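Below: one structure, written as structure tokens.
The values are calculated or read from the model by the stated rules, or taken from the named source; none is laboratory data. Given the structure is predicted, the values throughout are model-derived calculations rather than measurements. Using ideal geometry, Cβ is built from the backbone for each residue, glycine included, and neighbour counts are taken over all protein chains shown. What goes into the accessible areas is simple: the full protein's heavy atoms, side chains included, and nothing from ligands, DNA or RNA. Shrake-Rupley method; radii C 1.70, N 1.55, O 1.52, S 1.80 Å.
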Amino acid sequence: WIMVHQDDDDIDEPISEAALMKKKLTPEEKEAKIAELKAIMKAKRDEREEAEKVDHVEREKQRRFMGKEMVKTKEQMDAEQRKRDIAARKREKLDQKRERERIRAELEKDKMERRANKGKLKSSLGVDGYNPSAIQYDQSTKDEEEPATQKQKKSHPEVAKIDDYIKKVSSYRAGGDGGKCLKILKAYVGNVADNPGEEKFKKINMDNKAFKTKVKPFIGAKSLLLAIGFAQGENDPTHLVLKEDADIQVIKDTKTKLEAAFVAFG
């Protein structure tokens, strides 16, 4: 009753006994009033539920919108990152191409200087780092190599020069060639140092592709192997063979130096 009559002008006036007697309802009126109140309550409840549904729909729309915006933003960021990566790779390839062209030009210059000076170069490779204007490669061929018997008569490179040989190899920065050479040398020397009793590690095939492409062209690489005790085979000039009197401690020390140089090369 209060809900039905809350907007009446006399809602705040005291209810007299006469008024109560006057407004006494019959059972049928009571039922009608109850039905009316239930209808009002149901209408209020339906209105509230409808408002909640609308609010839920709006929140869901907002959530989906924000989700799409986040996906769109992420896609844009990924696309920008891909563009930066592609540009970086292009720059790297261009730098490598320029470096290779410069090295080829230096090699051609060295060839011309060799021809003009009876096979000798006036310049030398600096052992303290990469020096493009002075870099040299070992370009001797089988026809230019001395017979094994003549080479054996010569004294072997001194052990004291091992550090210099490693520095020379490390100075080949173009295309990471020095690092690749150090890795092969580390494997050769490490196998002997770790397995001194294994005969298979005491021979190096110079006709092997890895040796011909990653060791032979670089000044200091083969000299290092000779310095630790390898020598060209008497019966097979295509192999380097570890001498019986090779100092295993020198080999182990060289392995440690090569590992450090490889790490420093990056």
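Taking each residue of region 196-208 that is under 19 Å from K222 (Cα atoms) and looking for partners that are among the charged types (D, E, K, R) and part of a helix (DSSP H, G or I) with beta-carbon atoms closer than 8 Å, six or more apart or interchain, yields M206/K212.
Here K209, K214, K168 are screened, and the one residue that is more than 22 Å from D245 (Cα to Cα) and touching a Ser or Thr at 6+ places or on another chain (Cβ under 9 Å) is K168. Does K168 satisfy the criteria of being open to solvent by 10 Å² or more (accessible area, probe 1.4 Å) and in contact with a helix residue (DSSP H, G or I) (Cβ under 9 Å, 6 or more places away or on another chain)? Yes. Within region 202-222, is there a residue that is under 15 Å from K180 (Cα atoms), open to solvent by 30 Å² or more (accessible area, probe 1.4 Å) and touching a Cys at 6+ places or on another chain (Cβ under 6 Å)? For region 202-222, residues under 15 Å from K180 (Cα atoms), open to solvent by 30 Å² or more (accessible area, probe 1.4 Å) and touching a Cys at 6+ places or on another chain (Cβ under 6 Å): present. On the given criteria, is D163 surrounded by fewer than 22 Cβ atoms within 10 Å (Cβ to Cβ), more than 36 Å from the chain's Cα centre (by Cα) and outside any strand (DSSP E or B)? Spelling it out, it is not the case that D163 is surrounded by fewer than 22 Cβ atoms within 10 Å (Cβ to Cβ), more than 36 Å from the chain's Cα centre (by Cα) and outside any strand (DSSP E or B).
Taking the listed residues V241, V215, the one that is among the β-branched types (V, I, T) and more than 27 Å from D95 (Cα to Cα) is V241, with no other qualifying.
Name every residue in region 224-266 that is small (G, A, S) and assigned to a helix (DSSP H, G or I), in order of residue number. Passing the criteria: A227, A260, A261, A264. One residue alone among E92, E80, E99 is in a helix (DSSP H, G or I), under 30 Å from G176 (Cβ atoms), among the acidic types (D, E) and modelled with pLDDT under 85, and that residue is E99.
Which is open to solvent by 80 Å² or more (accessible area, probe 1.4 Å) and in contact (Cβ under 8 Å) with a residue 60 or more places away in the chain, of R104, R100, R64? So the residue among R104, R100, R64 that is open to solvent by 80 Å² or more (accessible area, probe 1.4 Å) and in contact (Cβ under 8 Å) with a residue 60 or more places away in the chain is R100. Tell me yes or no: at least one residue of region 230-251 is open to solvent by 30 Å² or more (accessible area, probe 1.4 Å), of a type in the set (K, R) and under 30 Å from R100 (Cβ atoms). Among the residues of region 230-251, not one is open to solvent by 30 Å² or more (accessible area, probe 1.4 Å), of a type in the set (K, R) and under 30 Å from R100 (Cβ atoms), which makes the answer no.
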